[in-house]
1. Read through the list (1) within 17 Å of Val718 (Cα to Cα); (2) open to solvent by less than 10 Å² (accessible area, probe 1.4 Å); (3) of a type outside the set (Gly, Ala, Ser), then give the number of the only condition that Glu571 fails.
2. Examine the stretch 63-70 for a residue that is modelled with pLDDT of 95 or more and in contact with a Phe, Trp or Tyr (Cβ under 6 Å, 6 or more places away or on another chain), and state whether such a residue exists.
3. Go through the stretch 86-136 residue by residue and tally those that are in contact (Cβ under 8 Å) with a residue 12 or more places away in the chain, open to solvent by less than 40 Å² (accessible area, probe 1.4 Å) and on the phi > 0 side of the Ramachandran plot.
4. Would you pick out the residues in the stretch 494-505 that are open to solvent by less than 50 Å² (accessible area, probe 1.4 Å) and farther than 22 Å from Lys44 by Cβ?
5. Please work out which residue is nearest to Pro146 (Cα to Cα), limiting yourself to the stretch 205-223 and to residues that are more than 50 Å from the chain's Cα centre (by Cα) and at pLDDT below 85.
6. In the stretch 1-25, how many are crowded, with 21+ Cβ neighbours inside 10 Å and either more than 28 Å from the chain's Cα centre (by Cα) or not in a strand (DSSP E or B) (or both)?
7. I need a count of the residues in the stretch 381-392 that are closer than 14 Å to Ala343 by Cβ and assigned to a loop (DSSP other than H, G, I, E, B).
8. If we only count strands (runs of 3 or more DSSP E) wholly inside the stretch 393-493, which ones have 1 or more residues that are open to solvent by less than 10 Å² (accessible area, probe 1.4 Å) and within 30 Å of Pro553 (Cα to Cα)?
Amino acid sequence: MSLSVASIPALLGGISQQPPHVRSSDQLEDMKNGWASLALGLQKRAPSTHVARIITGDVSDAHIHQINRDETEQYVAVTTDGAIRVFDLNGVEQQVSAPDGWGYLSGVTKFADDIEMCTVADHTFVVNKRKTVAMDVLGADRVPDPIYFRWVSRAAEDINGDPYQPGSAGQYPVNPAEGTLTGTVDRYDKLPPVKEGDPAPAQGAIYKVASSLVGAAYYVRRVGAAWEECNLPGLRNAIDARTMPHALVRDEDGTFVFAPFSWAPRRMGDTVQNPAPGFVGRTINDVFFYQNRLAFLHDESVTMSRVGDFGNFFRMTMQDLLDDDVTSMAASTTGVAVLADVAVFSDGMLLTSAQNQFSMTNGEAGVTHSSVAIRGTTSYRANTRAGLCPCGSEIYFASEGNGFARIHEYVRMAGADTTSAGEITAHVPTLIPSGVHKIVAADDMNALFVMTDGRPNSVFVYQFYWSSNDAKLQNAWHEWTFDAPILSAAYLAGYLFLVVRRTGGVFLERVDLQPSAHPAATSNQVHLDRQATITGTYDPVNDRTTFLLPYSPVQAGFRMVRGNAFTARPESLIDPTSLTWLAHNEVRVPGNEALGPVIVGNSFEFSFQLSEQIYRTPDGTARTSGRYQLRTIFLDYRNTAYFKVHVTASGRTNDQIVIPAMVREMTGKTVGSSALILNRPSYDSGSYRAQVYSQSTTGRLRVSNDTHVGCTFVSAQVEGEYWNRSSIR
């Protein structure tokens, strides 16, 4: 027999579904509603806070996009029910007008899947992936764009000018070459000479210069005493703005306008030498911004605007191919590779289709016709619905099969393309059900959040930390559970925003992931989901207080916690059994509970279960041939007010009463959990001793906390006795 004292130095490894003897010591059998902080330890996760009800009624999906304007001004834009609503980080809704209506958002099957957004300064370009782009009516018959159309001017003097309208000074007329073709010459110097006052050729005369010197024919028109390049008369030169991506623009007064964008028409050449951009007649799959160009994915191609002229997808001259001209390129592959998503970096990008991934790189001169190239890198069957999720130098995407999802990590080094993408869910192959529709990165928190239709009430969390370029110190998966389906999510400035489908409509909630976050009315975090701060109205005649809630909660788990204004019992729980519901959002409690703000919300349970304990020799070798008898497990905790320890073991006699579990409670107050109701919670640090006395193969230890107070676990130690097989009788 050998006495054993094994140390678990940290509990930060998340869940592992590997056999116990190959797991790391810090990995767990299960973990729900936790947060594994390298600095602080394993904690109960931060709660969600109620922001606003977005939609009244039953809506099945939503798209959410973050607008990071600057360090002091950020917004989230939520698209659902055929409209866009914008909120700041404090949950204040911003005014959004749509002078041309919301017709561009029609035809959407699922907003979460069919809407894409990209923000450039104050312009957020909105793509409806179901809308087919078309050319507008013939030039002279075209109605000028209304003044509320949006645009990004290409010259400083046009900041307050008009959009791309016929005859607008400094802008592009729809068809400047009205009339008919006058004639054709084979060289520019063969054009009829013109001088001021010369009546022939007539003003506005158009000639085609079929020059072989510049490699393409072009057209010129007489204007005054000069020949100016133009386009062939009689063409449909304008793109129909109502079929193109629209713009959500923040105006100077702080309000938002959703309107068509004014796209530049063709003003040079013809349909052969200067054709309509490749997305005309097709749907656009994504929009992004790269190297000062606005770009669209469509079919197997990428089409980029002119440099600095985001509304122009036509060449500016047919006499030369300029580096800043519009450019288009296609993914080269032997199969069909419809490009669905893109992740952009400073020196290139990664693109994905359903079965292949591609890399696009460019030279030091930026994106030009001669410097860009798209080449295949990997051939993973990617979930294009969730798409690519960049996080630092890594790109994450999902693949699915046999009812479960896998998450891959593509590590991109500057100047080199990786030819493989490691599977970061290899040790939890059945954790995430299939149907992944959203992957959200929190770059500054080193975390990913994965949402799936297979378990709509959950968010699967991945926390990681690179200790070097090729080694991870943390590789932790775990699960957050909520009491309602999560439709979509976005991360911005330390907040994870959630779009939640609940009874009575769709709600926007947020989770503050910053360390030491807590409500303004308390000194510590209050772990209640849908958290809201309200103040009651006291009735001194009947000695009771009435609260009007901002939403209709699930009454079974509803809790109310006093704020610091209740100096005699701050952060204590109002007895849940004393609540009387007057309406679905109105509750009454006895006594005077109107001394200050009260924190309300729904309780949720944090839990984790230690892995089966394996006896290891001093050199770390696992020994599974003998018998390992557990005696005691010590849990080291800090800044903790409450938790429960559940010890389960089979093979015990009935008088030990261990079926189905033996539950021990620990609180910072010796009077037990009633202290959470009667007085202020006490946060303490120390070590708790849990008696197990069971064989390691059957003994299990689980820790939980379903109260509003927090708990943090730093490490653990396991005491036991090991018998070699030869010594067992």
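The values are calculated or read from the model by the stated rules, or taken from the named source; none is laboratory data. Please read all numbers here as calculations on a predicted model, not as lab measurements. Reconstructed Cβ throughout: ideal geometry from the backbone, glycine too, with neighbour counts over all protein chains shown. Ligands, DNA and RNA are excluded from the accessible area calculation, which covers all protein heavy atoms including side chains. Shrake-Rupley method; radii C 1.70, N 1.55, O 1.52, S 1.80 Å.
1. It is condition (1) that Glu571 fails.
2. No - not one qualifying residue is present in the stretch 63-70.
3. Within the stretch 86-136, residues that are in contact (Cβ under 8 Å) with a residue 12 or more places away in the chain, open to solvent by less than 40 Å² (accessible area, probe 1.4 Å) and on the phi > 0 side of the Ramachandran plot number 1.
4. Hits for the stretch 494-505 are Val499, Arg502, Gly504, Gly505.
5. In this case the residue turns out to be Ser211.
6. Here the count works out to 6.
7. 6
8. Working: elements: 394-401, 404-411, 436-442, 447-452, 458-468, 471-481, 486-492.
Fully inside the stretch 393-493 and qualifying: 436-442, 447-452, 458-468, 471-481, 486-492.
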